[in-house]
Amino acid sequence: MTVDESTLAALKYAYKQWDATKGDSGNVWLALCADNISFTSLSDGSPGLEFSRAGSSKEDLVRYLTGLAKDWTMNFYRVDSYLVDGDQVACRGECSFKNRHTGKDITTPKADFWRFKDGKIVEFSEFYDTAQMNEACKSD
């Protein structure tokens, strides 16, 4: 099965809303996901980034989104390219966040990888500069 134009358009819309609302559009992402979505984040629950631990359901994704919003404020989120290969989409861009506890800003390259089944997201993995994220969690 391949990602069709409407599915890709929905993904692009979700990213635009993510940036426009500065991360307050979790409902858009949840609507795109299968109930049993499996996801990983490069930080994988490291100290200060506990919300980023892997998950395998929409409930886990809600936990991730809630934790992200509690600890970080989005400055911007930009996707520069989308590469489609069968049922997978790779997205490359850049994002910037401020840690709500330390006040430190980070800007990092961002790579997201999605796998779709029947028009729904079933897998997601994200990659970013974990050294910057970890440093932004530390109080001086």
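The values are calculated or read from the model by the stated rules, or taken from the named source; none is laboratory data. This is a predicted model, so every value here is computed, not measured. Here the Cβ positions follow ideal geometry from the backbone for every residue, glycine too, while neighbour counts run over all protein chains shown.
Tabulated results
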{"read-out": "Members of segment 76-104 that are under 19 Å from Leu65 (Cα atoms), among the charged types (D, E, K, R) and touching a Lys or Arg at 6+ places or on another chain (Cβ under 6 Å)", "value": "Glu94"}
{"read-out": "Residue match in segment 46-58 (condition: out of contact with any Ser or Thr (no Cβ under 7 Å at 6 or more places or on another chain), touching a residue at least 40 places away in the same chain (Cβ under 8 Å) and crowded, with 18+ Cβ neighbours inside 10 Å)", "value": "yes"}
{"read-out": "Single condition Asp85 does not satisfy, out of (1) within 22 Å of Ala9 (Cα to Cα); (2) touching a strand residue (DSSP E or B) at 6+ places or on another chain (Cβ under 9 Å)", "value": "(2)"}
{"read-out": "Wholly within segment 1-117, strands (runs of 3 or more DSSP E) carrying at least 2 residues that are among the hydroxyl-bearing types (Ser, Thr, Tyr) and within 27 Å of Asn134 (Cα to Cα)", "value": "33-41, 72-85, 105-117"}
{"read-out": "Index of the failed condition, Tyr128 passing every other in (1) among the aromatic types (Phe, Trp, Tyr); (2) farther than 18 Å from Leu32 by Cβ; (3) in contact with a helix residue (DSSP H, G or I) (Cβ under 7 Å, 6 or more places away or on another chain)", "value": "(3)"}
{"read-out": "Which listed residue is farther than 30 Å from Glu5 by Cβ, loosely packed, with under 15 Cβ neighbours inside 10 Å, touching an Asp or Glu at 6+ places or on another chain (Cβ under 8 Å) and not aliphatic (A, V, I, L, M), from Thr107, Thr102", "value": "Thr107"}
{"read-out": "Those residues of segment 97-134 which are of a type in the set (D, E, K, R) and at pLDDT below 95, in sequence order", "value": "Asp118"}
{"read-out": "Positions within segment 67-94 being touching a Gly at 6+ places or on another chain (Cβ under 6 Å) and either farther than 15 Å from Gln17 by Cβ or among the polar types (S, T, N, Q) (or both), in sequence order", "value": "Asp80"}
{"read-out": "Qualifying residue in segment 127-138 (condition: free of Cβ contacts under 8 Å to residues at least 60 places away in the same chain, over 16 Å from Ala10 (Cβ atoms), assigned to a strand (DSSP E or B) and not charged (D, E, K, R))", "value": "no"}
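Table: residues versus (1) at pLDDT 95 or above; (2) basic (Lys, Arg); (3) under 30 Å from Ser6 (Cα atoms); (4) surrounded by 16 or more Cβ atoms within 10 Å (Cβ to Cβ).
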site	(1), (2), (3), (4)
Tyr64	yes, no, yes, yes
Trp72	yes, no, no, yes
Asn75	yes, no, yes, no
Arg78	yes, yes, yes, no
Asp87	yes, no, yes, yes
Cys95	yes, no, yes, yes
